[in-house]
Amino acid sequence: MALCLLVLTACRKPADAVKSDLNEAGYQLTTADWMLAASRDDVSALKKFIASDFATDSRDENGDSALHAAASNGAKNAADFLLNRGLTIDQTGANGRTPLMAAVLGNQTVMVRWLLRQGADPRLKDKDGYAPLMLAVREGMSGAVAELAPYHRDSLDSAILLAALVGQAEAIDTLTNYGGSVYARMEDGRTPLMIAAENGHAAAVELLLDIGASRFSTDADGRNAADLANAAGHAEIAALISSNPKPQELSLESPAEVAQAMDAFVDAAAVQTTEPQETSPATPLAARAPSRLIQGAVLSRSVKSIAATAASSSASAQETFPLPPLVMRHYRERELPLEVRSVVGETATIAIRGTDAREVSVRAGEAIPGTRLSVVRVQRRMESSKLNLGQPMEVSVVEVRDSASGATREWISGVPVTGHDPVALVEDAATGQRYTATPGQRFRSADGAEFIVSDVRQNQIIIEDAATGAVQTIPLRGPRG
């Protein structure tokens, strides 16, 4: 009997010693202090807990684990220790949130990056349906937004609409750098600018205007951002948006001017980050050649698409083709504060929007008052469009010319007046050379294949093989890749 007591006493001594060590370090052998040690990045204390047979998967009263505590406090050493002890990286805790989500909500950008590199799944959602990116946007954690955006290429437009709704200007700025579009729309036609204006977010409105959002776009009910701001009682924001058009807003841009503006946007975004782009060579901005038209250009040698390489006999592979290593960096469209109302005989009636909205009557050869635009031709003709379900109808047409840029444009009644075709800025990933691409342009690869820019959209461009008619889609990746 005495021998048994002696053995039990001897067995207790190590645990008692560890408990004493924990006490000296300021911890009790409790779940609360286990979580505290993890949040403090105190790996030495965590080891003492483990030595006392403390359960590694212990949870607090909310259901969070020590890995959640480490993540939300940026405790990378503790997180690494816990992962090595068997905790899973995507385990869920309070409200169904993962440690990655905890790091986002804790504004721990470095930890977000580290968890992603350890294999954390950025597409999981919490019980409220929020993925980590959307949590970062909602809370205005722009650092986390930058880390997560590359994993959510198909959700960036939804993210920028959310950022506009909650007024997170920095998140909007970050998202546009990774491919989020200021031209994104809700199902009812509202753009980020309209949403920010309607909800009274002045800083977001100012930023969106600064980075090219159109204040003249309208929703499905014909309301623009200023109309929505006024209806919601935000008169100051409405005044900011609806001021009279500036001279540059009543002009047509030449292809060179469009390219210069797009280059400036991408370059400005590139210098805001120290992270290298994924696909671009490290070409100093000062040494980069200006963008030029893709029409007639010869790009780097074609490379097989991933789909064709991975499954050469599959149906998807048959729809792909060798394509130069193109990256879409930016998209641009530009609505003007003008509207073609009608053409009667040789006279066109054009509405000019703004605080002093008015209608003007012009004939061929005359200038549109207050602009550098002159009317080249007016006519009425039959045309089919989506507006009339593909059925021919008579429309009013005005062709104009910009006296400064020399650019010409045809405007049609019932269709938004624009300053240029939709334009994509694409980059040859092998050389860093940039090109502007609009629908209908043709280019070649170094091995002689010919391609057509079939369509340019806010989040992708469609490239067609001129020989076979097969198409491939190149998604918008943004200036930060």
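The values are calculated or read from the model by the stated rules, or taken from the named source; none is laboratory data. Since the structure is predicted, the reported quantities are computational estimates derived from the model, not experimental observations. Heads up, the Cβs are rebuilt from the backbone with ideal geometry, glycines too, and the neighbour counts pull from every protein chain shown.
What residue, of Thr98, Thr92, is surrounded by 21 or more Cβ atoms within 10 Å (Cβ to Cβ), out of contact with any helix residue (DSSP H, G or I) (no Cβ under 6 Å at 6 or more places or on another chain), closer than 25 Å to Gly119 by Cβ and at pLDDT 95 or above?
One residue alone meets the criteria, Thr98.
Considering only region 427-440, state which residues are at pLDDT below 95, aliphatic (A, V, I, L, M) and in contact with a strand residue (DSSP E or B) (Cβ under 7 Å, 6 or more places away or on another chain).
Within region 427-440, just Ala429 meets the criteria.
Yes or no: Ser72 surrounded by fewer than 24 Cβ atoms within 10 Å (Cβ to Cβ) and farther than 28 Å from Ala136 by Cβ?
Judged against the criteria, Ser72 is not a match.
Restricted to region 429-476, and to residues that are of a type in the set (Gly, Ala, Ser) and part of a strand (DSSP E or B), which residue is farthest from the chain's Cα centre (by Cα)?
Ser445
How many residues are farther than 20 Å from Gly233 by Cα and in contact with a strand residue (DSSP E or B) (Cβ under 6 Å, 6 or more places away or on another chain) if we restrict to region 182-216?
Count: 1.
Being exposed (fewer than 15 other Cβ atoms within 10 Å of the Cβ) and small (Gly, Ala, Ser) is the requirement here; does Gly419 meet it?
Taking the combined requirement at face value, the residue does not satisfy it.
Yes or no, residue by residue, for (1) modelled with pLDDT of 90 or more; (2) over 28 Å from Arg444 (Cβ atoms); (3) of a type in the set (D, E, K, R):
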| site | (1), (2), (3) |
| --- | --- |
| Ala231 | yes, yes, no |
| Ala235 | yes, yes, no |
| Ser242 | no, yes, no |
| Phe265 | no, no, no |
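Just need a number here: residues in region 32-68 that are part of a loop (DSSP other than H, G, I, E, B), among the hydrophobic types (A, V, I, L, M, F, W, C) and touching a Lys or Arg at 6+ places or on another chain (Cβ under 9 Å).
So the count comes out to 1.
For residues that are touching a strand residue (DSSP E or B) at 6+ places or on another chain (Cβ under 7 Å) and part of a helix (DSSP H, G or I), tally how many sit in region 147-181.
Of the residues in that region, 1 qualify.
Any chance you could count how many residues in region 181-190 are small (Gly, Ala, Ser) and touching a Ser or Thr at 6+ places or on another chain (Cβ under 8 Å)?
Of the residues in region 181-190, 2 are small (Gly, Ala, Ser) and touching a Ser or Thr at 6+ places or on another chain (Cβ under 8 Å).
Looking at this structure, is Val400 buried (at least 21 other Cβ atoms within 10 Å of the Cβ) and over 26 Å from the mean Cα position of the chain (by Cα)?
Yes; evaluated as a whole, the condition is true for this residue.
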